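Below: one structure, written as structure tokens.
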Amino acid sequence: DLWRPREGDDAALRPAVRALIVTGMAVPVLFVIGVFAGSARFERAFSHKALVLTWAAQRANNGERLVYVGRPPPSAEFYSRGKVTTVPDNATLAPLLDDPAADFIAIRAGDLARLPEPARGRLQPLGEFGDYLLLREAPR
């Protein structure tokens with residue numbers, strides 16, 4: 001009988017129960033508002049969709065590849081329509097940096113730190129997307 005009012009109380013419910021009901025209704029509404037308010041930011045900042053869209057908007061011609069160092073996430077393959085080039089590690093990235101095409105490189109920060117300095121110096125940062133950095137190779 002915790003929900004019933006005290007004797008002589010005109011209120012239909014006890015104040016504590018009323019507060020609990022109001023809080024129980026407000027929390028889900030605030031959660032939904034938060035999800036919708038933050039979803040655009042999360043999509044821009046963390047997704048491979050945003051990374052691929054940045055690559056597509058920045059490239060000057062179809063010869064400029066999007067190269068992932070390491071295995072790319074399936075979403076990157078999907079949003080690029082299968083046009084992602086993959087290299088397993090930094091050592092296999094070097095020949096791509098030496099060819100005449102100016103490519104875009106998606107790489108984790110830790111892998112970038114292990115890249116030799118001359119190669120790092122040729123890469124211009126375009127954005128950070130979750131764990132990945134998108135870099136543009138300077139044209140030769």
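The values are calculated or read from the model by the stated rules, or taken from the named source; none is laboratory data. Source: prediction; values computed, not measured. We place every Cβ from the backbone using ideal geometry, glycine too, and count neighbours over all the protein chains shown. Heads up: the accessible areas ignore ligands, DNA and RNA and are worked out on the full protein's heavy atoms, side chains in. Shrake-Rupley method; radii C 1.70, N 1.55, O 1.52, S 1.80 Å.
Quick rundown of the values:
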item	result
Scan of region 121-130 for residues that are farther than 22 Å from G63 by Cβ and either surrounded by 12 or more Cβ atoms within 10 Å (Cβ to Cβ) or among the polar types (S, T, N, Q) (or both), ordered by number	E128, F129, G130
Contacts under 8 angstrom Cβ, first residue in region 110-122 being closer than 15 Å to Y68 by Cα, partner part of a loop (DSSP other than H, G, I, E, B) and open to solvent by 40 Å² or more (accessible area, probe 1.4 Å), 6 or more apart	D111/D89
Filter result for P74 (exposed (fewer than 11 other Cβ atoms within 10 Å of the Cβ), without any contact (Cβ under 8 Å) to a residue 24 or more places away in the chain and under 18 Å from the mean Cα position of the chain (by Cα))	yes
Residues located in region 84-110, provided they are within 24 Å of A50 (Cβ to Cβ) and at pLDDT 90 or above	V84, T85, T86, V87, D103, F104, I105, A106, I107, R108
Among (1) surrounded by 11 or more Cβ atoms within 10 Å (Cβ to Cβ); (2) modelled with pLDDT under 90; (3) of a type in the set (S, T, Y) - the single one S39 does not satisfy	(1)
Filtered residues of region 94-120 (kept if over 23 Å from the mean Cα position of the chain (by Cα), crowded, with 18+ Cβ neighbours inside 10 Å and part of a helix (DSSP H, G or I))	L97
Complete set of residues in region 50-71 that are outside any loop (DSSP other than H, G, I, E, B), open to solvent by 70 Å² or more (accessible area, probe 1.4 Å) and not polar (S, T, N, Q)	L53, A57
Among residues of region 77-93, those that are assigned to a strand (DSSP E or B) and crowded, with 16+ Cβ neighbours inside 10 Å, counted	2
Any hit, region 23-36, residues being surrounded by 11 or more Cβ atoms within 10 Å (Cβ to Cβ) and at pLDDT 90 or above	no
